[in-house]
Each structure stands twice: as structure tokens, then as C-alpha cells.
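Working notes for the structure below.
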Amino acid sequence: MDSQVKSRKSNRRRKGLHLGIQGVATLLQNANFKGFFTGKIYTGAGKKVCVPGLNCYSCPGAVGACPIGSLQNSLGGMKFRFPYYVLGLLIFFGALLGRAVCGFLCPLGFLQDLIYMIPFVKRNKFKLDRYLRYFKYAVLLGLVIILPLSIPLTPAFCKYVCPSGTIAGCMQAASNKLVRGQLGMLFNWKLIVLLIIIVSALIVWRPFCKYLCPLGAWYGFFNKVALYRMHLDPEKCTHCHACENVCKMNIDPSKNPNSMECVRCGDCVRNCPTQALTAGIGGKKEGKN
Amino acid sequence: MKFRLEKRKWAVTVALLVIGLILIAIGIDKKQEKSVMAKAVRICMECVGIG
């Protein structure tokens, strides 16, 4: 009994630490605090480098460039140039962390985690979920790659979907009179998309990451080989399904610990009663203590 | 068998990291970081919903 209480306390502490890392990462990527009051965006050298998570470069606080926006911009120029720089950064981040970027560093993921904490009806397992999650690959291919390549100067994902851009738009509108005066139908459409995401995030855990995020779809390809990955010790695993039951991404970590869907939230590692699951460099460092 | 698979995974990870770094270096050589910055230092009209 005593060990159960201890374990629960340790779980809570580790969950808090995870949230703390997400909070710090969000603040670091949006460290231009002055911009939130003046509405002016940061124009320093930091904007040469893409941040790993989805963080709009038009957010008044952003100190780096958005990787998805930069990729669309590079692909959709008037004259095609292979995007060596942005692709290199995306491959590097992917090989280093995989979807741990979604779990630890993405400000939008953090926002959805906070929204999900609000007490409401929660439902993560439903029939359509399995099919809907393929949609993010279509978004990556269609809106981020094909459309910008076919219609120059059209960053389709940023323009029609990206909730990070809408949040940036709201912040700009709040502090910048000029921007406020120009918002119209497109902004209303994007606001509807953002509201749908926020409302669904109350019920479903990270709906944007599960079904829409092209960056998550990209990093998912690296999950199996990323430097930070999960490891399952088959000798310790008792097939109790505790990990599968707590997984909000509907994965069975005992069968596929490095699934493309896993965002490395760490719930399975924390709840494994035999410490069969570990996460870390090469999958073997950070277990349950 | 398992050891071999792990070794191969490590090789793929290192190869991807190196490919990433090489692409970044080529991009910098082609001054592509400047075009990333040029876009990022202005308010992106599409992103904020102006169009």
C-alpha cells in the first residue's frame, strides 16, 4: 500500500516535471516578451534558425522561425530552389528526438495538454480515430508540399489551417491596429478551425497532433531510429496492458514502443509496474525509479 | 540477431544526423538561412489570416 502511494507521488512528480519542460520550452521559443505588448515581431538573428516545434514566426514573442512555414516558403518561391537548409534542420531534429519534439518542445502540444486538464467529458477511444490519424499525412503531402509547389507563394497549411498562426493573428490584432483593420473572411475561417481544435482538445487528447499536424507526421517517420527513443525489455514485460490502457494516443507500447504515433508523453513509462519500458538515448536511460 | 538490429538502428540514426548536418551546411553555403530570416522577420499575412 505504502509503495503504491509512493509510486503515485513519483508519477505525479514526473508528470509535473514533463509539464515544466514543456512550459520552459514554450517560453524559450517565445522569449521576445516585449513583442506581446508592442505587437512588433522579433527581427534578430534567431529568426535564421527554425525552432523544432510548431510555433508561428508571426507570433509577437517568437524568437525563431517556424519549420513548416519556412519549408512551404522555400518550396513555394517564384523560382524553385531545393530547401537544403530547412530540410536539413527537419532531418536533424527528427533524427535527434523524433516525436519527442511533440511531447516536450511543441508550444501547441503544451497548449492542448493544458486544455485537456480542464475537467470535461473525455473520450480518446472511438472508431473513427484509427482512420482520422492518416489525415495528417495527407495534410503534409497536400498542403505543405504539393500545393506550395504547384501554386507559388501559397503556404496553404499556414493560410488555411495552422492554429499557431491564428493565435499569432489574435495577438497581433490585440496589439496592432493596422493588423486588426485588415482581418476578414480568411481570419474568420481560421478562427473557426482554431475553435474546433480547442473544443475537441477538451474531449480528445491532442486532436491537432493526432489528426492534423504535418510536423508530427514528419517526425513520426523518425520515431523508430531517433536518438531519443523507447525501449521494451521483453523479459520484464508481464503483458498486463497497463501501458496500453493509459496511452492516450491509443498505441500498445508493449507491441510497438516506437510507433509513429507516439509523442513520448511518458505515461506508459510512468505506469509500467515492472519497469519494462524505458525512454532515453537509445531507449535505455530514463526508466521508472 | 537483436544486437545486430540495435547496431543497425544506431547506424541509421548517425547517418540521418550526418545527412541533416550536411544539408544544413549546403543550405548555409547557398545562403538559404537568409531567405528563412527574410520571411520570418515580417508579419506573415497568410499565417495571421489576412491572406
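Output the number of residues of the stretch A:68-89 satisfying the condition of being more than 8 Å from chain B (Cβ to nearest Cβ) and either of a type in the set (Val, Ile, Thr) or out of contact with any helix residue (DSSP H, G or I) (no Cβ under 6 Å at 6 or more places or on another chain) (or both). Residues flagged as more than 8 Å from chain B (Cβ to nearest Cβ) and either of a type in the set (Val, Ile, Thr) or out of contact with any helix residue (DSSP H, G or I) (no Cβ under 6 Å at 6 or more places or on another chain) (or both) within the stretch A:68-89 amount to 5.
Considering only residues that are in contact with a Leu (Cβ under 6 Å, 6 or more places away or on another chain) and not aliphatic (A, V, I, L, M), look in the stretch A:133-152 and name the one that is nearest to residue A:67 (Cα to Cα). Taking the candidates together, the pick is A:148. Of the residues making up the stretch A:40-55, those that are open to solvent by less than 10 Å² (accessible area, probe 1.4 Å) and facing chain B (nearest Cβ under 9 Å) number 2. Taking the stretch A:210-253 as the range and being surrounded by fewer than 19 Cβ atoms within 10 Å (Cβ to Cβ), more than 14 Å from chain B (Cβ to nearest Cβ) and not aliphatic (A, V, I, L, M) as the test, the residues that pass are A:236, A:237, A:238, A:239, A:240, A:241, A:244, A:245, A:248, A:250, A:252. Yes or no: residue A:96 within 14 Å of another protein chain (Cβ to nearest Cβ), assigned to a helix (DSSP H, G or I), open to solvent by 40 Å² or more (accessible area, probe 1.4 Å) and not hydroxyl-bearing (Ser, Thr, Tyr)? Yes: the conditions hold for residue A:96. Among the residues of the stretch A:140-161, just one is in contact with a Cys (Cβ under 8 Å, 6 or more places away or on another chain) and open to solvent by less than 10 Å² (accessible area, probe 1.4 Å), namely A:158.
The values are calculated or read from the model by the stated rules, or taken from the named source; none is laboratory data. Here the structure is a predicted model, which means the values were calculated and not measured. Here the Cβ is made from the backbone with ideal geometry for all residues, glycine too, and neighbour counts use every protein chain on show. Only protein heavy atoms, including side chains, enter the accessible area calculation; ligands, DNA and RNA are left aside. Shrake-Rupley method; radii C 1.70, N 1.55, O 1.52, S 1.80 Å.
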